[in-house]
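For reference, the structure is listed below as structure tokens.
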Amino acid sequence: MLVLTGLAWMIHIMSMMKFLLNYGINLSSFLGLTMLMVPFIISIIVPFVTFIAIIFVYNKLISDNEVTVMAASGLSPLQIARPALIIASILTALHLALNIWIVPATQADFYSTQWNLRYGLAHMKLQEAAFTQLANGLVVYVDKVSGHDLSQVMLSDTRDKTSEIIIFAEKGKLVSTARGLSIVMSNGALQAKGNGNTTGTFSSFDMDLNVADKGGEDGFRVRRIPTSELLMSVTNIETEKQYKMVLAELCSRFLNPFMNIILAALCTMILLKSSLLRRRASLAPAIAVAAMGITMAAFMSASNMIESLTEFFILAAVQFVVFVIIMFILSKK
């Protein structure tokens, strides 16, 4: 788990390197942001980690003839598989807790922190006596900077060619709002160019810098919604697309953890039955891997195709039936 999580985390860091370079945030904030993705990464790889650990250990036992000795001493395949089922049950419980509480909380922090680093006051670092381009067509010049207080401000906004504006102000202050960054200026003058030229003075002028990605913070991201709110929102979804997203997320949170114990039972069943029957024992690991791939692919496909709560409960029932069948086969000597 540590190895695979570390690899996935490093890949995530590389994919976000452009974010680090473009927005000029410090390294500690960047690493803290990427660390918030670790619980989500773990929630994805836990079933695969469970399967890898079990197939490695039991294949080693089979190759050393220890399974043969245990079977000769009177142990049934189910008894030999018990340690794997116990660890898988523990991981299933931990996985459920991770999916229901920890992942939504850390994902909410991730998107909120990412938005603040991009568009909030933490991101905004204006240089004194220099022109700073906040966005294409939006340039700010500040003579002196003291925290978020500015003096001798010049702002040029040419993003909308039909309504260009230039502002000069004695003082200014950066303010974070729900829309993103705003700059409140006082004692200044402005010149606007549109259908005609407009000039004037002001004692106070509040301008929304509008540098935020409007879909970023307010986008519908089911991963960051608390589980209790997600359950209540099932019957109150605006669009069909969002409804399917919610159902897929419910499958991920509540049904995916049970794949740990299903894959553990499936792996031990194939390895132990092949070994004890002395048929195709050498092919057992490959067969187990193929069975795991087919099972996970089928589950993930079914999760994404669910269109109603009825289908959600049907998928849960199918999981239970598959597990019962595997356990029944395991219990037979």
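The values are calculated or read from the model by the stated rules, or taken from the named source; none is laboratory data. The structure displayed is predicted, hence computed values, not measured ones. Note that each Cβ is placed from the backbone with ideal geometry, even for glycine, and that neighbours are counted across all protein chains shown.
Listing for the model above:
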{"read-out": "Residue match in the stretch 33-41 (condition: crowded, with 17+ Cβ neighbours inside 10 Å, under 30 Å from LYS333 (Cβ atoms) and hydrophobic (A, V, I, L, M, F, W, C))", "value": "no"}
{"read-out": "Filter result for the condition that a residue is of a type in the set (A, V, I, L, M) and either farther than 21 Å from ILE11 by Cβ or under 13 Å from the mean Cα position of the chain (by Cα) (or both), over LEU94, LEU117, LEU31, LEU27", "value": "LEU94"}
{"read-out": "Some residue of the stretch 127-146 being out of contact with any Lys or Arg (no Cβ under 9 Å at 6 or more places or on another chain), modelled with pLDDT under 90 and not in a strand (DSSP E or B)", "value": "yes"}
{"read-out": "Qualifying residue in the stretch 22-30 (condition: in contact (Cβ under 8 Å) with a residue 60 or more places away in the chain, farther than 26 Å from ILE262 by Cα and part of a loop (DSSP other than H, G, I, E, B))", "value": "yes"}
{"read-out": "Selected residue (criterion: nearest to ASN256 (Cα to Cα)) from residues of the stretch 302-333 that are in contact with a Ser or Thr (Cβ under 9 Å, 6 or more places away or on another chain) and of a type in the set (D, E, K, R)", "value": "LYS332"}
{"read-out": "Pairs, first outside the structural domain of ALA265 (by TED's automatic domain parsing) in the stretch 284-301, second hydroxyl-bearing (Ser, Thr, Tyr) and modelled with pLDDT of 95 or more, C-beta under 8 Å, six or more apart", "value": "none"}
{"read-out": "Test for GLU249: is it among the acidic types (Asp, Glu), farther than 30 Å from TYR58 by Cβ and outside any helix (DSSP H, G or I)", "value": "no"}
{"read-out": "So LEU209, is it at pLDDT below 90 and over 23 Å from the mean Cα position of the chain (by Cα)", "value": "yes"}
{"read-out": "Residues that are outside any helix (DSSP H, G or I) and not polar (S, T, N, Q), drawn from the stretch 301-325", "value": "ILE306, GLU307"}
{"read-out": "Residue match in the stretch 251-264 (condition: over 23 Å from the mean Cα position of the chain (by Cα) and more than 22 Å from LEU96 (Cβ to Cβ))", "value": "no"}
{"read-out": "Criterion: at pLDDT 95 or above, surrounded by 12 or more Cβ atoms within 10 Å (Cβ to Cβ) and closer than 19 Å to PHE51 by Cβ - qualifying residue of ALA284, ALA265, ALA316", "value": "ALA265"}
